[in-house]
Amino acid sequence: MASDNEVVWVTQLKLNNYILYKTIESPHIMTTPLNIGLVGYGFMGRTHTNGYKRVNDFFPEIEHRPVLKAICGRNKENAEAFAKQWQYESVETDWQALIARDDIDAIDICTPNNTHAEIAMAAAKAGKMVLCEKPLSMNAAQGEEMCKAIEEAGVLNTVWYNYRRVPAITLAKQLIDEGRLGRIFHYRANFLQDWTISTDLPQGGEGLWRLDVNAAGSGVTGDLLAHCIDTALWLNGSISDVNAMTETFIKERMHNLTGKVEKVSIDDACTFMCHFENGSLGLFESTRYARGHKALYTFEINGEHASIKWDLHDLHRLEYFDHRDDSLVRGWHDIHVTDTDMPYMDKWWVPGLQIGYEHTFVHQVADFLKNVALGKPTSPTFREALETQKVCDAVLKSAKEKIWEDV
Ligand code: SOE
């Protein structure tokens, strides 16, 4: 057994593209603790915490080791239950008290969107590193304030657009950057869900704040299309202008916080088209009313030489068609992104064995920690995530005013 200060090194022997894992005990390798204070114990609190817990096991070369110092949530009982389940050392019920603590290095924000700005700016002012769940802010103006605060304080930061770190998507980025697709003509993305179709579903409060415009800022635009936009900006560059339509299918819902039936002001569905600055055309659709779809995030990119397709329900595969292939075998290649030369995959199992959704958060923690050692922020930074916010604002304005809107 390795002692606390020892790390079990995993060495890899590469044989015919097949990796054999051999576990040996290393001499004492000291890691530097990085004390995490996480605000919010919901779904995202769990995904991030899992990332912190797993990262050093699978990325043993990383110098920093996240320590689950404190979980913060308004409901003491829930926060304590979360601390017990996930092994946080302490509990806070006031995020300001958390930020005031000297033993916290990084604040991770997993609370509803309307609280991101206040917590992030206070954390930056106190000199803490800030990791913020997506979307960055309620709107671009608020996002700009957040960027200024972070930059003025000079603290390390990142925004959790986790899908960038699905190995198949990272591979797509690599193929595009290598120029394999040639000139890009089309970018198409969807994010379809069906969980808000019932008229009985209330809005507001824990779990359902995504339906409350005062907590979420917008509906599917900020929640789901924001993911599609972040990936698109990363893979295909800036968007110059948009033309959108939105719909709110269920106009009133009981509000959990007031107990009254109130107007629903979020967008239940949003479709937009756009021009990218590289000359390609974009088409995006998102809804929570696509019966049968739980989290169908897909995109397709069509270039002069080749096309790429990806689907979250099959996230470890990348579909690739290259017109330059010999015509007798030309067709869609189904790349099973599990070989050890694929992004991040040398850290996991043997070729053919895939990883999933939770690993994207482990990867983001790993990249964040590597950059902490270098003193660099991690992409997407607050400033980069602000670009997504600007597109969301333009989309919502275009839909409201029925016009083309510049980003
Ligand atoms: C909404 O249902 C949601 O949980 C989003 O908030 C996440 O960002 C997305 O990844 C999955 O769907």
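At a 10 Å Cβ-Cβ cut-off, how would you order H255, H305, H336, fewest neighbours first? Don't jump to the answer; show the numbers that get you there.
On the way: H255 20, H305 13, H336 16.
If I rank by nearby Cβ atoms, fewest first, I get H305, H336, H255.
Order of D339, D334, D105 from fewest to most other C-beta atoms within 10 Å?
Details: D339 16, D334 11, D105 20.
Ascending Cβ contact count within 10 Å gives the list D334, D339, D105.
Mind checking which helices in the chain clear 24 Å along their axis (Cα) and have mean Kyte-Doolittle hydropathy of -1.0 or more, DSSP H runs only?
Correct list, ordered by number: 357-374, 382-401.
Report the extension gain between S327 and Y357 in nm, rounded to one decimal, defined as 0.36 nm multiplied by the number of residues separating them, less their alpha carbon distance. Don't skip to the answer; put the middle values down first.
Values: separation 30, 0.36 × 30 = 10.80 nm, distance 3.58 nm.
Answer, rounded to one decimal: 7.2 nm.
With +1 on each Lys and Arg Cβ and -1 on each Asp and Glu Cβ, how big is the dipole of the range 163-406 about its Cα centre, in debye rounded to the nearest 20?
Here the size comes out at about 360 debye.
What span do the alpha-carbon atoms of the range 163-406 cover on each of the three principal axes, reported in whole Å from largest to smallest?
Cα spread of the range 163-406 along its principal axes, largest to smallest: 62, 39, 38 Å.
State whether the range 314-404 is rounded, prolate or oblate according to the following rule on the C-alpha gyration tensor (a ≥ b ≥ c being the square roots of its eigenvalues): a/c under 1.5 gives rounded; otherwise a/b larger than b/c gives prolate, and the remaining case gives oblate. Before the final figure, lay out each step's value.
Numbers: a/c = 2.62, a/b = 1.21, b/c = 2.17.
Judged from the Cα gyration tensor, the range 314-404 comes out oblate (a/c at least 1.5, b/c at or above a/b).
Which of G45, T360, L201 sits closest to the plus end of the dipole of the chain, meaning its Cα is farthest towards the positive end, when Lys and Arg get +1 and Asp and Glu get -1 on the C-beta?
In the chain, that residue is L201.
Are there any GluC sites (Glu not before Pro) in the range 176-264 that are in a DSSP loop and have at most 12 other Cβ atoms within 10 Å? List them by number.
E178
For a test of the definition: using alpha carbon positions, the gyration tensor, and the 1.5 limit on a/c, classify the range 108-202 as rounded, prolate or oblate.
oblate
Search the structure for amide H atoms under 5 Å from the amide H of S90, placed 1.01 Å from N in the peptide plane, and list their residues when 5 or more places away or on another chain.
Placed amide hydrogens put A70, I71 under 5 Å from S90.
Grab the beta carbon distance between T258 and A295, set R0 = 22 Å, and tell me the FRET efficiency rounded to 0.05.
So, using R0 = 22 Å, E works out to roughly 0.15.
Rounded, prolate or oblate: pick one for the chain, where a ≥ b ≥ c are the square roots of the eigenvalues of its C-alpha gyration tensor, a/c under 1.5 means rounded, and failing that, prolate if a/b is larger than b/c, else oblate.
Judged from the Cα gyration tensor, the chain comes out oblate (a/c at least 1.5, b/c at or above a/b).
Specify which residue in the list L257, V220, I36 is farthest towards the positive end of the charge dipole of the chain, using unit charges on the beta carbon of Lys, Arg (+1) and Asp, Glu (-1), about the Cα centre.
Of L257, V220, I36, it is L257.
Go through T115, M138, A126 and say which Cα lies farthest out towards the positive end of the charge dipole of the range 88-144; charges sit on Cβ, +1 for Lys and Arg, -1 for Asp and Glu.
Highest projection toward the positive end goes to M138.
Kindly write out, for the range 178-188 in residue order, the coupling ³J(HN,Hα) from the Karplus curve 6.51 cos²θ - 1.76 cosθ + 1.60 (θ = phi - 60°), rounded to whole Hz, with x marking Gly and Pro.
Couplings: 6, x, 5, 7, x, 4, 8, 9, 9, 10, 10 Hz.
Could you list the trypsin sites (Lys or Arg not before Pro) in the range 239-339 that lie in coil according to DSSP, counting only those with at most 16 other Cβ atoms within 10 Å of their Cβ? Walk me through the numbers before you get to the answer.
Working: sites: K251, R253, K260, K263, R288, R291, K294, K309, R317, R324, R330; in loops: K251, K260, R288, R291, K294, R324, R330.
Those that pass, being in a loop and sparsely packed, are K251, K260, R291, K294, R324, R330.
Report, in listed order, any pair from K134/K390; K134/K347; K134/K251; K134/K397; K173/K294; K309/K400 with a Cα-Cα distance greater than 22 Å.
K134/K347; K134/K251; K173/K294; K309/K400
Just to be sure I understand the model, the point goes 7 Å from the Cα along the line to the Cβ. What's the resulting R65 to F43 distance in nm?
Using points 7 Å along Cα→Cβ, the separation is 3.3 nm.
Relative contact order of the range 163-406, please, whole-number percent, based on alpha carbon pairs below 8 angstrom and at least 6 residues apart.
Dividing the mean separation by the residue count of the range 163-406 yields 27 percent.
Which of the trypsin sites (Lys or Arg not before Pro) found in the range 349-407 are in a DSSP loop and have at most 13 neighbouring Cβ atoms, other than their own, within 10 Å?
K402
Given 0.36 nm per residue, what is the gain on full extension from E304 to A373 after removing their alpha carbon distance, in nm?
20.8 nm
What is the set of long-range amide H partners of W160 at a cut-off below 5 Å, with H atoms built 1.01 Å from backbone N?
C132, E133, K134
Could you give me the ³J(HN,Hα) list for the range 189-199, computed from phi with Karplus coefficients 6.51, -1.76, 1.60 and θ = phi - 60°, whole Hz, x at Gly and Pro?
9, 10, 9, 10, 9, 9, 8, 10, 5, 5, 6
Give me the dipole magnitude in Debye, nearest 20, for the range 26-131 about the Cα centre, with unit charges on the beta carbon: positive for Lys and Arg, negative for Asp and Glu. Intermediate values should be presented prior to the final figure.
Numbers: 11 positive and 13 negative charges, 38 e Å.
Around 180 debye, computed over the range 26-131.
If amide hydrogens are placed 1.01 Å from N in the peptide plane, which non-local residues have theirs closer than 5 Å to the one on N35?
Residues meeting the amide H criterion: V67, D105, A106.
In what order do V329, V55 fall by count of nearby beta-carbon atoms within 10 Å, going from fewest to most?
V329, V55
Under a plain spin-label model, where a point goes 7 Å from the Cα along Cα-to-Cβ, how far apart in nm are K125 and D102?
Placing both labels 7 Å along Cα→Cβ, they lie 2.1 nm apart.
Which value, in debye to the nearest 20, gives the size of the charge dipole of the chain about its Cα centre, when Lys and Arg are +1 and Asp and Glu are -1 at the Cβ?
For the chain, the charge dipole is close to 340 debye.
None of the figures in this text is laboratory data; all of them are computed from the coordinates on show. If you're wondering where the values come from, they're calculated on a predicted model, not measured in any experiment. Positions of Cβ are generated from backbone atoms using ideal geometry, with glycine treated the same way; all protein chains shown enter the neighbour counts.
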